[in-house]
């Protein structure tokens, strides 16, 4: 079990607002993944759940054991849910068109509140050994993200829409959590369908090929487990996350948008208790 406190800096570039948020964040985690109910078989390890919370951010991340093939190799299910709220200011005049066909004019310097939701279901193979190699986690996932996003669509003069990005992808990564310095990473690659207020713009029917993006998502994590007393550790950590959505067609005619970028940098100090 661990309790953490730190700073989280978020930046989203899905529209001309280029929204940013830096806030203090609390995190609590209950992790029983190392607990062995049995050597192999179904549900042979313990689950884990963590929650991060502040006034603009909520992140819940769970890991559930599915099947353990051997002492160190098993199949896991991860579910992650995030909510972010950004206070922003419009840089230019634009028209916002929502999913229901309602249009709203936005003037320069208007204050805007943007909300982003993200969820991911992830099944992965994980090898837990003392001398972890460069890759010890491989998986498949489905993700769904909703956020206001900018685009140019031939069927409308609006430029800001209700964005939705969903689809399947695969992941590679490394999990390492031993005494001393640890480095972890994860790379997600996917092809996602895009929806820019599609119930109103109907851009997917006009060109389904132009309504897809490639997703590149990278996470880097460093943390140090410092021994305090039997079963007690102090663990400062630094985490960086970067995600970009790139349109698959180079010369689109129906719908066109810039790369949609999301980044996150955080630093935490955690007090851990092992049982």
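What follows is calculated from the coordinates using simple rules that are stated; it is not laboratory data. Remember, it's a predicted structure, so these values are computed and weren't measured experimentally. Please note: Cβ atoms are built from the backbone with ideal geometry, for glycine as well, and neighbour counts cover all protein chains shown.
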- residue 138 versus residue 227, label points 7 Å from Cα toward the beta carbon: distance in nm? 3.5 nm
- Message: Need one number for the range 142-229: average projected area of the convex hull over its C-alpha atoms, nm².
- Response: 7.7 nm²
- Report the extension gain between residue 11 and residue 105 in nm, rounded to one decimal, defined as 0.36 nm multiplied by the number of residues separating them, less their alpha carbon distance. 31.4 nm
- Task: State, as an integer percentage, the relative contact order of the chain based on alpha-carbon contacts under 8 Å between residues 6 or more apart.
- Result: 16 percent
- Item | Paramagnetic reach from residue 178 in the range 111-152 [backbone N under 16 Å; point 7 Å along Cα→Cβ] | 127-137
- Task: Could you estimate the translational diffusion coefficient of the range 1-151 from the Stokes-Einstein equation, with Rh from the Kirkwood formula over C-alpha pairs, at 20 °C and 1.002 mPa s, in whole µm²/s?
- Result: 117 µm²/s
- Item | Gain in span if fully extended, residue 83 to residue 36, counting 0.36 nm per residue against the direct Cα distance | 13.6 nm
- Note on the structure: Under a Gaussian network model of the chain whose springs join Cα atoms within less than 10 Å, the largest fluctuation of 158, 105, 44 belongs to 105
- Message: Please compute one quarter of the surface area of the Cα convex hull for the chain and express it in square nanometres.
- Response: 15.3 nm²
- Output the direction-averaged projected area (hull surface divided by four) of the convex hull of the alpha-carbon atoms of the range 202-275, in nm². 7.4 nm²
- Query: With N residues in the range 118-275, what two-decimal value do you get for its Cα radius of gyration over 2.2 N^0.38 Å?
  - Reply: 1.33
- Query: Per residue of the chain, what 222 nm ellipticity follows from adding -39500 (n - 2.57) for every DSSP H run with n ≥ 4, rounded to the nearest 500?
  - Reply: -500 deg cm²/dmol
- Query: Taking only C-alpha pairs under 8 Å that are 6+ residues apart, what is the relative contact order of the range 160-275 in percent?
  - Reply: 23 percent
